Amino acid sequence: MKGLRNKIFLAGLVFLCAVIMSRAQETNATGSLDELRSKMGAYIEQPRFSGALWGIKVVSVGSGKTLFESHADRLMSPASNSKLYTGALGLEQLGGDYRFTTPVYATGKISDSGTLHGNLIVVGHGDPSWNERRLGTNFWTAFEPFVTILTHAGVHRVDGDLIADATFFSGPPTGSSWAIDDLNGGEVGMISALTLNDNLAQVHVEPGAKAGERCKLTLLQPGTGLILSNQTVTVAAGAHAHLDFYHPLDSKTIFILGELPAGDAGANLDVVVPRPADWFAASLKIALERHGIKVFGHTRGVAWPQSGTEVAQSGAIKLGTVFSPPLREVVRNFMKPSQNLEADTLLADVGEMTRSNAPTTETSEDAGLAALHHFLDDVGVEPGDVRFDEGSGLSRNNLTTANATVALLQYMDMHSEAQDFKAALPIGGVDGTLRRRFKNTAAAGNLIAKTGTLRWAHALSGYITTAAGERLAFSIMLNRFAAAPGRSGHDEIDPLVLMLADFSGHSDDFASLEKSYAPLGTLLITPFASAPFPHPARTEGHQYHDLFYSTPEHYLDSNVALFIPKNFRVSDKIDFVVHFHGWRHTVAGTLPEYKLIEQFAAAGKNAILVVPQGPYNVPDSFDGKLEETNGFTRFMDEAVTTLKNSGALAQTNFELGSIILSGHSGGYHVMAAILNHGGLNDKIKETWLFDALYAGTEDYAGWQKQENGRLLNIYTDHGGTREETQNLMATYKTKGVSFFAAEDTNATLDNLTTNKIVFLHTDMVHNDVPVKRSTFSEFLKTSCLQNE
């Protein structure tokens, strides 16, 4: 027996090792960015996805660099990823502290005996929070605040009607392009400014005492007005259970269908209440009477397209207001379980709160979508990348791109409501719709993301931290995929997420970047003590409008790139071109996007290119230590020392030669500071502004006059630099200073070479200015630098 147990143990151990090795092969740590891209690309190209559509984007939150993308511009069905947009919109427009109000009015006086001689009116403003299942309470708890208001007002009797006014929302009670199956399947209730239990009632079905009898039906909530038609039957014990219902449109009758075996515990069916305001009024009347407050009039609900109640006209008296929980809780309550009605209710709420942005003839939903598009303009989403019909994702017509979703995630990561937004997302292996996924993996407790599921659409978008500690924002959408039996589209998405969780490399893969430029020369990327950051002025991060940029992610990178062309000749003095990137950029991103090294090599000049890391992927023009007095002198001294110690040059007995300052966009700020008090003005021979003359004009003009330097400025109509450039040209004309001005397409190399001051107008867009027409290379070719 002992030998048999050993054999069983060994066999089990072999099996366990095989499982572990198989698992390791699926999600083993990936060390380089190239390897990660290769693995993810190979995965989605498998034959089983040949008929499906992928839309994927993965971006580093810190660097803004794209780690992987596949058809990121493809319009895809996001399913419940739509809720990311609705939740973000609500938090952005209203704030996490916002509470929905539901005022209670009386249209008559209250007598000394406590009789309200008039109507009692409850005016809904879209509070979706009254839900007994979520609160873990009984049905009547939701009405306690209303009872309290009437009790404090001294009301014991209402002679008039009890009216539930839901006219705050304009438009049909269904989201645009919802499928009828969504309502009949209990996926969602009717949209209303007054909502109970997500406007779904529960029918409890129990089997009869013996086979052949009807099942017993119980409507668990009162006041719904629903009529149950029992079409069920009890079958023999142990038989298959099957329940369903059919609810004809705009009918109070619900047909309960199916069968339950004898002895079964029974089940609850969620059924739609077609007139939520009527239900609210009827239920509130019962709740008040349970507390001894009698209502002798009728109950009725009022909703679009009916007119509102007589609150304004009758001079009604407000008895009190019921407040919702903070919006952060409302968003969390629909994000984590992916609750549809509450998301669409919030979209309608925002629509009414921002009604001034939409015509009065538009529905609340239309007004909400208009607000969404205004918001997405601020986010930086490309027009046409988001095409929504409603806010929950039930609509099969909702379309978005991975580009848009990741842009939203990046924006919200830095938003003043970032904490509430991220706290609303399901956590992998822990809660919400991700509670059963990613358990015992590197994504458990690490991944926060919104799921999305329709029949042919699956999505997962959110945030995850890699094995190297880098935070990523990602969107993965899979459409038109028919999963194998026993699997779903989520099973196909999850391995991609685990590849991200197990990635041990970094988006700024300097080794790969240095290797990629080897054919053109030697690229060194190394930290400098004199680099712009870290700096005391940014120890608390940086606030820009509603966005906050933390110090650890955006103001600690001290890397500097130095590029030595392949045919560089070392002499007694070495010349440098120092380039400053603009907003929302990094060294690793600037070099390839603007092809700085390719252009530098193509110009054939005997100089070294230097690109310091400024604010790391931030809308910020401040460049820390390089803006201090003599900060540039210290920086260039360190550049010379670094090159001498690098072993990349044949000789080390050289000094600093001529310098050219070059800057794009926000790079203007540090350049102006350098020219004003950074030192080495006698070494700086040229200054180039690539759509960057936003300010500091006196510093540029003063340096040019004092040093007789070469000033090149190319500007656009829409980058914000046109007015400043035209003012400088006007000043030069007044003072009789000669300069050359032309369209960039009309200027020749001779024009650039023979003129000290050059202004070029271009029809290019802002980010194309340094690269699209090889402008950086053209400036180099006409510079004072010697040829190789």
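Under 7 Å between Cβ atoms, at least 6 apart or on separate chains: pull out the pairs that start in region 773-788 with a residue that is under 16 Å from GLY521 (Cβ atoms) and end on any residue that is part of a helix (DSSP H, G or I) and open to solvent by 20 Å² or more (accessible area, probe 1.4 Å).
Listed by first residue and then by second, the contacts come to SER777/ALA602.
Restricting attention to region 191-211, report how many residues are under 18 Å from THR224 (Cα atoms) and either open to solvent by less than 30 Å² (accessible area, probe 1.4 Å) or of a type in the set (Ser, Thr, Tyr) (or both).
Number satisfying all stated conditions: 14.
Mind listing just one residue for me: the one in region 763-787 that is of a type in the set (Val, Ile, Thr) and farther than 16 Å from GLY663 by Cβ and, of those, farthest from the chain's Cα centre (by Cα)?
That would be THR782.
Among the strands (runs of 3 or more DSSP E) contained in region 158-239, which hold 1 or more residues that are in contact (Cβ under 8 Å) with a residue 40 or more places away in the chain and closer than 30 Å to SER324 by Cα?
162-165, 200-206
Taking the options THR697, THR748, THR721, name whichever one is closer than 19 Å to VAL769 by Cβ and in contact with a helix residue (DSSP H, G or I) (Cβ under 6 Å, 6 or more places away or on another chain).
Only one candidate passes the filter, namely THR697.
Identify the single condition in (1) open to solvent by 40 Å² or more (accessible area, probe 1.4 Å); (2) modelled with pLDDT of 95 or more that ALA607 does not satisfy, given that it satisfies every other one.
Condition not satisfied by ALA607: (1).
Within the bounds of region 79-100, is there any residue that is of a type outside the set (Asp, Glu), touching a Ser or Thr at 6+ places or on another chain (Cβ under 7 Å) and over 25 Å from GLY393 (Cβ atoms)?
Yes, there is a match, as at least one residue in region 79-100 is of a type outside the set (Asp, Glu), touching a Ser or Thr at 6+ places or on another chain (Cβ under 7 Å) and over 25 Å from GLY393 (Cβ atoms).
Give me a count of the residues in region 669-696 that are free of Cβ contacts under 8 Å to residues at least 60 places away in the same chain, part of a helix (DSSP H, G or I) and buried (at least 19 other Cβ atoms within 10 Å of the Cβ).
Result for region 669-696: 6.
Going through region 56-84 one residue at a time, which ones are within 16 Å of the chain's Cα centre (by Cα), of a type outside the set (A, V, I, L, M, F, W, C) and outside any loop (DSSP other than H, G, I, E, B)?
Within region 56-84, LYS57, SER60, THR66, SER80, ASN81, SER82, LYS83 meet the criteria.
Determine the pairs where a residue that is closer than 16 Å to LEU36 by Cβ, located within region 455-477, has a partner that is modelled with pLDDT of 95 or more and of a type in the set (Asp, Glu) with Cβ atoms under 8 Å apart, the partner being 6 or more residues away or on another chain.
THR466/ASP502; ALA467/ASP502
If only one of LEU425, LEU409 is open to solvent by less than 20 Å² (accessible area, probe 1.4 Å), touching a strand residue (DSSP E or B) at 6+ places or on another chain (Cβ under 6 Å), of a type outside the set (D, E, K, R) and assigned to a helix (DSSP H, G or I), which one is it?
Just one listed residue meets the conditions, LEU409.
So for region 545-561 (the condition being surrounded by 20 or more Cβ atoms within 10 Å (Cβ to Cβ), of a type outside the set (A, V, I, L, M, F, W, C) and in contact with a Leu (Cβ under 9 Å, 6 or more places away or on another chain)), does at least one residue qualify?
no
I'm trying to understand the selection: among the residues of region 103-127, which are assigned to a loop (DSSP other than H, G, I, E, B), under 17 Å from VAL147 (Cα atoms) and either open to solvent by less than 20 Å² (accessible area, probe 1.4 Å) or touching a helix residue (DSSP H, G or I) at 6+ places or on another chain (Cβ under 6 Å) (or both)?
Correct list: GLY114, GLY124.
Taking the criterion of being free of Cβ contacts under 8 Å to residues at least 40 places away in the same chain, farther than 15 Å from GLN599 by Cβ, in contact with a Phe, Trp or Tyr (Cβ under 8 Å, 6 or more places away or on another chain) and open to solvent by less than 40 Å² (accessible area, probe 1.4 Å), would at least one residue in region 747-763 satisfy it?
yes
Restricted to region 338-364, and to residues that are part of a helix (DSSP H, G or I) and open to solvent by 30 Å² or more (accessible area, probe 1.4 Å), which residue is farthest from ALA88 (Cα to Cα)?
Applying the filter and picking the extreme gives SER356.
Among the residues of region 697-734, write down those that are in a loop (DSSP other than H, G, I, E, B), more than 17 Å from HIS669 (Cβ to Cβ) and β-branched (Val, Ile, Thr).
Listed by number, the list holds a single entry, THR716.
If you check ASP127 against the conditions, is it within 30 Å of the chain's Cα centre (by Cα) and of a type in the set (Asp, Glu)?
For ASP127, the condition - within 30 Å of the chain's Cα centre (by Cα) and of a type in the set (Asp, Glu) - is met.
LEU94 - would you say it is more than 21 Å from PRO326 (Cβ to Cβ), modelled with pLDDT of 95 or more, open to solvent by 10 Å² or more (accessible area, probe 1.4 Å) and not acidic (Asp, Glu)?
No.
Condition check ((1) over 22 Å from SER60 (Cβ atoms); (2) over 40 Å from the mean Cα position of the chain (by Cα)) across all residues:
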site	(1), (2)
VAL610	yes, no
GLN613	no, no
GLU628	yes, no
THR633	yes, yes
ASP637	yes, yes
VAL640	yes, yes
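The values are calculated or read from the model by the stated rules, or taken from the named source; none is laboratory data. These figures come from a predicted structure and were not determined experimentally. Cβ coordinates were reconstructed from backbone atoms using ideal geometry, including for glycine residues, and neighbour counts include every protein chain displayed. These area figures cover heavy atoms from the full protein model, side chains too; ligands, DNA and RNA do not enter into them. Shrake-Rupley method; radii C 1.70, N 1.55, O 1.52, S 1.80 Å.
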